[in-house]
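As structure tokens, the structure follows; a few thoughts come after it.
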Amino acid sequence: MKNHRRHTKSRFLRVSIDLEEYKEQVRSIKLAKAIKNVLNLRQISVEEFAIIMGKDKSVINKWLSGTYCFSLSTLYEISEGLGIL
């Protein structure tokens with residue numbers, strides 16, 4: 001079976017990218033929004049979350065920007081920090 005690669009215009013980067021790359025961007029945005037929602041529901045500020053995670057506030061802001069490509073280990077770390085796992 002052929003692996004067709006379709007290209008699309010990224011709304012975020014304004015360049016032509018592979019459809020799979022575009023899907024990855026959308027997933028990153030959805031993950032960032034989900035993390036923000038949990039923080040809001042639990043009334044945890046970015047500063048407090050940075051302390052919980054043992055990270056600089058700038059790292060947390062990068063995660064929440066929707067542009068960070070989460071690794072599995074980072075997602076696991078976040079899940080542990082939020083008490084989900």
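The values are calculated or read from the model by the stated rules, or taken from the named source; none is laboratory data. Worth saying up front: this structure is predicted, and the values here are computed from it rather than measured. Quick reminder, even Gly has a Cβ in these numbers, built from the backbone with ideal geometry, and neighbours come from all protein chains shown. Keep in mind that these areas ignore ligands, DNA and RNA; they rest on the heavy atoms of the full protein, side chains included. Shrake-Rupley method; radii C 1.70, N 1.55, O 1.52, S 1.80 Å.
Quick one: pull the percent of accessible area on the stretch 41-85 belonging to carbon and sulfur, 1.4 Å probe, ligands and nucleic acids left out. Spell out each step's value before the answer.
Details: 1670 of 2980 Å².
Answer for the stretch 41-85 is 56 percent, counting heavy atoms of protein chains only.
Give me Rg over Rh for the stretch 16-85, both radii from the alpha carbons and Rh done the Kirkwood way, two decimal places.
My calculation puts Rg/Rh at 1.00.
Give, as ranges by residue number, the residues of the stretch 53-83 whose backbone N falls under 12 Å from the point 7 Å along Cα→Cβ of Lys33.
Residues passing the 12 Å test: 66.
Accessible area per residue for the stretch 23-64 in Å², computed with a 1.4 Å probe and the full protein assembly in place, what is it?
Normalised by residue count, the accessible surface of the stretch 23-64 is 66 Å².
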